[in-house]
Structures are given as C-alpha cells and as structure tokens.
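Single-structure report; data block below.
The values are calculated or read from the model by the stated rules, or taken from the named source; none is laboratory data. If you're wondering where the values come from, they're calculated on a predicted model, not measured in any experiment. Because the Cβ atoms are built from the backbone with ideal geometry, glycine has one as well, and the counts that use them run over all protein chains shown.
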Amino acid sequence: MSESAVDRAARALDLIPYILKNPGIDLSSIAEKFGITQKQVLADLDIIFLCGLPGYTPYELIDLSYEDGVVTVIDPQVLDKPRLFTESEAIVLNLGLAIMKQALRDESTIQMIKELQVKLESKFKSLTDVSFVVKNPPNFYEVILKAIEEKSALAVTYHSISRDSLSDKVLFPLSIYVSEGNYYMSAIDLGSMQERNYRLDSIMDCAVSNVSYEQSDKSPGPPANFSFKMLTRNLFLIEKYAALFQSVENIDGDYIASGKIGNAEWLQRLVISNAPDLRLLEPASLAGLIKERVDSAIDLY
C-alpha cells in the first residue's frame with residue numbers, strides 16, 4: 001500500500017531532529033530506525049532539501065548533506081527539536097478523540113481511545129480542567145449506522161431544504177460524517193444510482209429496507225474486480241478512494257490500484273472525470289463502454 005502525504009510529512013518532521021542528534025549517521029541506520037528502505041530515506045531527504053521558511057531563498061531552506069551514505073544536517077531552520085503538541089493542540093486532539101469515541105461502536109477501539117486520552121491528560125494538566133460536551137447525534141443515527149455495518153438499504157423520507165418538499169427514497173448508506181456541526185450521510189440513491197450526501201436532521205422517517213444494493217434494477221450485480229493505472233501526479237486519487245482499493249503497486253513510476261466495486265456507473269464517471277491521468281485496465285468490457293461513451297460525447301461537438 002502506498003504512503004499518504006501525511007505519513008511522509010510526519011516522518012520528515014521527525015527525521016531532521018533525529019539526524020541532528022546523531023550527526024554523521026548512515027542511511028542504513030536511518031532506514032532501520034524509521035522502518036523504511038534506504039530509497040525512501042533518500043526520497044524524503046530530497047523533499048526536505050526543498051523545504052524551509054517563507055521567503056524560500058537558499059538562506060531560509062533546510063540545508064543538509066548526504067554523501068557516501070552519510071547524512072548530516074547543516075541548517076535545520078526551526079526543526080531542531082522533536083515535534084511536541086502545544087496545550088491548544090492537545091485540547092483539539094482530545095476533542096477529536098471524544099467525537100470519535102461517540103461515533104464508534106467497536107469496543108476495542110473505544111478502549112484504545114480512552115487509554116490515549118488518559119495518556120494525554122497525564123502530559124497536559126490543562127486537559128483535566130476542560131470538559132467536552134459532544135452534540136448528541138440526530139434521529140435515526142443508530143439505524144443508519146447499523147445499516148452501514150450490515151450493508152442494508154434504507155427506506156427514507158427526506159425533506160429537501162432547497163425545494164421545501166418531501167420525497168421517498170431508497171438509499172444504500174456508505175458513511176456518516178460531521179461537517180460544520182451537522183451530521184451527513186453519504187449514500188447511493190438506488191433510484192438514480194448516484195452517490196449523494198444527505199443531512200441527517202432533514203430525514204423525516206427512516207427504516208431498514210428489504211431491497212439490497214445488488215437487487216436494485218440499475219445495479220450491475222455483485223461487486224466486480226477492477227484495476228486502474230494512475231499517473232504519479234494524481235496520487236491524491238489513491239488517498240481519496242483508499243477504502244476502495246485492496247492493493248496499490250508502484251510500477252515504473254505509475255500506480256496500479258485494484259479492488260472490487262458494484263456500481264459500474266459510478267466507476268465510469270470516475271474514470272472519465274479523471275482522464276487522462278487515470279486509465280481503467282480491468283474489466284475490459286467496462287473500458288469498452290467508457291470509450292463508446294466518450295466517443296459519443298465528442299461527436300456532439
């Protein structure tokens with residue numbers, strides 16, 4: 001599985017203080033310490049060499065040397081010490097953990113969060129003086145969460161604020177998230193086979209439906225294998241749709257991502273909207289349909 005930009009940035013923040021504390025350390029020791037390959041260490045150092053403070057002239061950039069397998073930091077700028085949370089950052093982190101603890105149902109994960117909160121409180125005494133009141137989830141939250149876990153569809157009566165109207169829908173819920181203090185559900189409308197977002201406080205009625213995603217008239221049936229070829233410059237796609245992929249390989253500088261999906265219509269739109277950086281390799285039959293769809297669109301012009 002490929003690394004995310006966040007993983008690499010976090011490691012880069014730790015690399016400089018570590019090398020400063022161990023001047024003249026060799027690449028193999030750094031790779032062993034951080035659990036990566038020497039090639040990855042060199043790639044990280046190449047990026048760090050281009051980082052610095054605003055102004056970004058040679059006087060503000062991090063200066064380091066890595067010759068003959070030995071790494072030395074000449075000018076670390078502001079990265080001379082290991083990163084630590086400030087009091088404010090610790091409070092924000094603890095709040096995020098409190099929200100996660102309420103949203104999750106897995107007891108082992110909840111216990112891990114509680115242990116992490118205790119550890120934070122032992123390091124930051126101000127946390128013991130701060131209390132969090134997490135907004136209670138809206139109606140039908142538990143019903144939707146259970147449907148996501150059991151991969152069930154939902155019969156929903158939804159109030160559209162923009163149109164001020166009620167409509168009945170059969171939705172296949174994918175996830176619940178919070179944005180600007182409101183709970184939202186990401187779901188596939190089994191009537192149009194479109195992925196859309198719905199505010200939970202606009203749901204007037206909700207119940208588990210006996211219609212499954214695979215049984216929908218417009219559904220392509222059981223999930224099918226697929227694979228993409230992605231150019232390196234569009235690596236954000238791998239991070240954005242990481243939940244879809246079962247494996248990601250770097251081959252000759254490009255990425256091959258594979259997985260399973262049941263919504264062929266959504267898959268077609270994803271490929272077309274990200275062309276030419278993304279090319280569908282499998283299934284070949286769907287690649288043919290995409291070509292016909294694109295040719296038809298071009299003919300309109």
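Only residues that are touching a helix residue (DSSP H, G or I) at 6+ places or on another chain (Cβ under 9 Å) and among the aliphatic types (A, V, I, L, M): list them for the stretch 13-46, please. Within the stretch 13-46, L15, I16, I19, I25, L27, I30, A31, I36, V41, L42, A43, L45 qualify. Residues of the stretch 248-273 being at pLDDT 80 or above and assigned to a loop (DSSP other than H, G, I, E, B), which ones? Matches in the stretch 248-273: none.
For the stretch 192-227, the set of residues classified as at pLDDT below 65 and of a type outside the set (F, W, Y) consists of S212, E214, Q215, S216, D217, K218, S219, P220, G221, P222, P223, listed by residue number.
Hey, could you check the stretch 50-66 for residues that are at pLDDT 70 or above, out of contact with any helix residue (DSSP H, G or I) (no Cβ under 6 Å at 6 or more places or on another chain) and hydrophobic (A, V, I, L, M, F, W, C) and say which is nearest to L20 (Cα to Cα)? Looking at residues that are at pLDDT 70 or above, out of contact with any helix residue (DSSP H, G or I) (no Cβ under 6 Å at 6 or more places or on another chain) and hydrophobic (A, V, I, L, M, F, W, C), I get L64.
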